[in-house]
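Novice: Handing you this structure, nothing more for now.
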Amino acid sequence: MAGKGKIARGALEALTDVYESIGTVAERMNLEDAGMGLTEFANDDIILSGGVRTGSSAPGLARLRYDVYDWKKIEAGTPIPEAKLGTTDLNLKLGKDNQITDTIEGLINIDVDKNQQGSGVGTRIVKNILANADDGLKVYDIKKQAKGFWESLGAEISGSRGFIPKKTNDE
């Protein structure tokens, strides 16, 4: 997680959109090069570290897997393995020369560590991912047992897919 130091020392971006369905404000995560072909998203709440390609994706997108960490716990001195919240697979938009951008198109998978489940960590992770979506976040492969979770976040569900619209301060 080499890039987090630069992020912590740099000025963080202003708060972004309000998500009415979640009822909180999420801060857009900064994208940093973590070295060795890996990337890192971070704000003052969580860190998504890794960016390992995990499968195929549509043109203009890259499917990447990230480990998710609690930045506040790390800042407080918690050992990194104990600050891990889970993993997530995301579709990121590609920009010029097929380089990944800081825009998240969709969430393919979220796996909250067993000892963190039921504590609001999943909502917290999704809230932070939403901050880097354009108009909303596509959610792929919604499991039947997780339908209520996604609906509680405002997802519009059709079959096994969903979409969480992005609400702005003006709406």
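The values are calculated or read from the model by the stated rules, or taken from the named source; none is laboratory data. All values derive from a computational prediction rather than experimental measurement. So basically every Cβ, Gly included, is an ideal-geometry build from the backbone, and we count neighbours across all protein chains shown. Accessible surface is based on the protein model in full, side chains and every heavy atom, while ligands, DNA and RNA are left aside. Shrake-Rupley method; radii C 1.70, N 1.55, O 1.52, S 1.80 Å.
Novice: Kindly check whether there is at least one residue in region 139-150 that is of a type in the set (Phe, Trp, Tyr) and open to solvent by less than 30 Å² (accessible area, probe 1.4 Å).
Specialist: yes
Novice: Which ones in region 75-88 are on the phi < 0 side of the Ramachandran plot and either open to solvent by less than 30 Å² (accessible area, probe 1.4 Å) or of a type outside the set (A, V, I, L, M) (or both)?
Specialist: Those that are on the phi < 0 side of the Ramachandran plot and either open to solvent by less than 30 Å² (accessible area, probe 1.4 Å) or of a type outside the set (A, V, I, L, M) (or both): GLU75, THR78, PRO79, PRO81, GLU82, ALA83, LYS84, LEU85, THR87, THR88.
Novice: Within region 107-133, can you find the residues that are within 19 Å of SER152 (Cβ to Cβ) and not in a helix (DSSP H, G or I)?
Specialist: Those that are within 19 Å of SER152 (Cβ to Cβ) and not in a helix (DSSP H, G or I): LEU107, ASN109, ILE110, ASP111, VAL112, GLN117, GLY118, SER119, GLY120, ALA131, ALA133.
Novice: Tell me which residues, restricted to region 97-132, are more than 13 Å from LEU61 (Cβ to Cβ) and among the hydrophobic types (A, V, I, L, M, F, W, C).
Specialist: ILE110, VAL112, VAL121, ILE125, VAL126, ILE129, LEU130, ALA131
Novice: Same structure, new question: Would you pick out the residues in region 38-49 that are among the aliphatic types (A, V, I, L, M) and open to solvent by less than 10 Å² (accessible area, probe 1.4 Å)?
Specialist: ALA42, ILE46, ILE47, LEU48
Novice: What residue, of ILE157, ILE164, is without any contact (Cβ under 8 Å) to a residue 60 or more places away in the chain and part of a strand (DSSP E or B)?
Specialist: Numbers: ILE164 fails: without any contact (Cβ under 8 Å) to a residue 60 or more places away in the chain.
The unique qualifying residue is ILE157.
Novice: Could we say that LEU31 is among the aliphatic types (A, V, I, L, M) and either surrounded by fewer than 19 Cβ atoms within 10 Å (Cβ to Cβ) or in contact (Cβ under 8 Å) with a residue 60 or more places away in the chain (or both) here?
Specialist: yes
Novice: Which members of region 89-105 meet the condition of being in a strand (DSSP E or B) and open to solvent by 30 Å² or more (accessible area, probe 1.4 Å)?
Specialist: Matches in region 89-105: LYS93, LEU94, ILE100, THR101, ASP102.
Novice: Does ALA133 satisfy being surrounded by 12 or more Cβ atoms within 10 Å (Cβ to Cβ) and more than 15 Å from the chain's Cα centre (by Cα)?
Specialist: No, not satisfied.
Novice: Working only within region 50-74, note down all residues that are small (Gly, Ala, Ser) and open to solvent by less than 20 Å² (accessible area, probe 1.4 Å).
Specialist: Result: GLY50, GLY51, ALA62.
Novice: When you go through (1) in a loop (DSSP other than H, G, I, E, B); (2) at pLDDT 95 or above; (3) in contact with a strand residue (DSSP E or B) (Cβ under 6 Å, 6 or more places away or on another chain) one by one for GLY77, which number turns out not to apply?
Specialist: With respect to (1) in a loop (DSSP other than H, G, I, E, B); (2) at pLDDT 95 or above; (3) in contact with a strand residue (DSSP E or B) (Cβ under 6 Å, 6 or more places away or on another chain), GLY77 is out only on (3).
Novice: While we're on this one: Hey, among ILE125, ILE142, which residue is farther than 17 Å from LYS72 by Cβ and among the β-branched types (Val, Ile, Thr)?
Specialist: ILE142
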